[in-house]
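See structure below.
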Amino acid sequence: MTSPTRVLVLNSGSSSLKYQLLDMRDSSRLAVGLVERIGEQTSRLQHTCLMSGDSREHTGPIADHDAALKAVAEELGRDGLGLDSPDLAAIGHRVVHGGLFFTEPTVVDDEVLTEIERLIPVAPLHNPANLTGIRTAQALRPDLPQVAVFDTAFHTTMPEAAARYAIDPKIADRHRIRRYGFHGTSHAYVSRETARLLGKDPAEVNVIVLHLGNGASASAVEKGRCVDTSMGLTPLEGLVMGTRSGDLDPAVIFHLARVGGMSMDEIDTLLNKRSGLFGLCGDNDMREIRRRVDEGDEEAALAFDIYIHRIKKYIGAYYAVLGTVDAVVFTAGVGENAAPVREAAIAGLTGLGLAVDPERNAVRGGEPRLISPESARVAVAVVPTDEELEIATQTYALVGKSN
Ligand SMILES: Nc1ncnc2c1ncn2[C@@H]1O[C@H](COP(=O)(O)OP(=O)(O)O)[C@@H](O)[C@H]1O
Ligand SMILES: CC(=O)OP(=O)(O)O
Ligand SMILES: [Mg+2]
C-alpha cells in the first residue's frame, strides 16, 4: 500500500476556523474553507472543493469549535474527502502559544495537550480554540497523528537582550515572563520567500517582516533567524491591531484600575477586544477605514495615522537592530491588500534607503512582488503569507519520516 500523502490543516482563531486539505506530493490544495462568527447566531461556513470547483455556503448558529470542525468534516465528506479517508497522513494544527517548551512542530500526546492548556492564561483568545480543534480531530480520527505547529517556535532564536523584559529576572523566571512573539509560521515563511524573490539564500539577507492582519506583528529576521519581534508575553504588545491596542505605558493599566475603577477583566477586554483600530474609530476592517478616510472622516483618519505611525516606529527600530536591511516586506490581509497602508508606512523613509513606486504598489495579485523603485538601495516587497502551506509542509515532514 502506498503511504498517505494528504494533510488537513486547521487554523482555529478565537471565533473562526480556517482549514485546508493539501496533497503533499505537489503541495496542491484539494479543499479550502472557513467557519466565521463561531458562537453567534449568524455563523457562516464557506467551503470550496478545488477538485470539482464546487463551492457551498451555510449560515446559521454554530455553537463552538467542536461543532465547527464536525460541520467541516461533513462538508469534506460530501466531496469524498472525509476525515475517514485512508489518504490522510496527518492533521496539522496551528497552536498560537507554545512558550519556550516547543521549538519545533510536535506530534500531540497527552503531555503536549497539558502544556498547551497550561499556556491558556497567556493566549486566552487563541489556545482554547486550538485545543478544542485538536481534541475534536483526535475524537474523529484517533489513529491519525495530530501535529501542533507553534506560532512562537520561530522566535525562540531571539537573543536574551531582545526576549527579556527589564524586570527582576527571578520574578520573570518564576512566572515565565518574557517576549515569546507570535505569527512565527508566517514570519518564517515570508522571510524565506522574500529571500527567494531577491534571488538570494535566506542566510544571506536581513529582512523586516510586517505581518498586518487582524492581529499584527513585526519581526527582524537576520540571516534567516528571528532576532526581535513586536508581540511579547501575549499577542497584545506591539503594533496597533484590529481590536488590540499594541504598545502602551503599562501604567495605563494601574491608572484604569485605581482611578478608573475598572476590574482586571474589564481592562483585559478593553485592551484586547475594544481597542486598536476598532477602539479608535469603531471599525477594524482596513477597507472600511480607508473608505471613511477618503470621504473625509476625521476619526478614521486619526486611527489610520496612529496605525501607520506605530508601523514606522518598528521599521526604524528593527533597522537599528539589524544594522543593515535588504528588504522590508508586507504580508497578511492588510499588508497584502492595502496599498495606502504600504505607501504611508514607507513615506519619508528615503534616508533609510526605503521608497515605494506608486505604479508597482498599485498592482494587485497573489504573487510575491517588489514595490520599491528599480534604483532602491533596500527592497520593499509584498509577499503573500501562507501559514496553512507552511503548517502542512512541517506536519508532513514530521510524520512523513515515520511513514
Ligand atoms: N482589500 C483589502 N484592503 C484592505 N484591507 C483588507 C483587504 N482585504 C482584507 N483586508 C484586511 O485584512 C484583515 C484580515 O487579515 P487576515 O490576515 O486575514 O487576518 P487574520 O488571519 O488575523 O484573521 C481584515 O480585517 C481587513 O482589515
Ligand atoms: C497571534 C495572533 O494575533 O493571531 P491572529 O492574528 O490570528 O489573531
Ligand atoms: Mg492570521
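Quick look at the numbers
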quantity: Enumeration of residues in segment 372-395 that are farther than 16 Å from residue 207 by Cβ, within 16 Å of ligand 1 (Cβ to nearest atom) and open to solvent by less than 10 Å² (accessible area, probe 1.4 Å); calculated: 391
quantity: Out of 164, 196, 192, 178, sole residue that is at pLDDT 95 or above, among the charged types (D, E, K, R), away from ligand 3 (no atom under 16 Å from the Cβ) and open to solvent by less than 60 Å² (accessible area, probe 1.4 Å); calculated: 178
quantity: Among residues of segment 98-112, those that are touching a Leu at 6+ places or on another chain (Cβ under 7 Å) and not in a loop (DSSP other than H, G, I, E, B), counted; calculated: 1
quantity: The lone exception for residue 238 - which of (1) of a type outside the set (Asp, Glu); (2) within 16 Å of ligand 3 (Cβ to nearest atom); (3) open to solvent by 20 Å² or more (accessible area, probe 1.4 Å) it fails; calculated: (3)
quantity: Check on residue 272, surrounded by 13 or more Cβ atoms within 10 Å (Cβ to Cβ), in contact with a Gly (Cβ under 8 Å, 6 or more places away or on another chain) and of a type in the set (S, T, N, Q); calculated: no
quantity: Residue selected from segment 1-58 under the condition among the charged types (D, E, K, R) and part of a loop (DSSP other than H, G, I, E, B), by the criterion surrounded by the fewest Cβ atoms within 10 Å (Cβ to Cβ); calculated: 26
quantity: Neighbours by Cβ (under 7 Å, 6+ apart or cross-chain): first from segment 207-222, closer than 8 Å to residue 331 by Cα; second near ligand 2 (Cβ under 8 Å from one of its atoms) and open to solvent by 10 Å² or more (accessible area, probe 1.4 Å); calculated: 211/183
quantity: Residue in segment 144-202 that is nearest to the chain's Cα centre (by Cα), counting only those that are more than 14 Å from residue 383 (Cβ to Cβ) and basic (Lys, Arg); calculated: 179
quantity: Out of 331, 324, 385, sole residue that is of a type in the set (S, T, N, Q) and more than 16 Å from ligand 3 (Cβ to nearest atom); calculated: 324
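The values are calculated or read from the model by the stated rules, or taken from the named source; none is laboratory data. Predicted model only: the values in this text are computed from it and were never measured. Note that we place each Cβ from the backbone using ideal geometry, even for glycine, and neighbour counts take in every protein chain shown. Just so you know, the surface numbers come from the protein's heavy atoms only, side chains and all, with ligands and any DNA or RNA stripped out. Shrake-Rupley method; radii C 1.70, N 1.55, O 1.52, S 1.80 Å.
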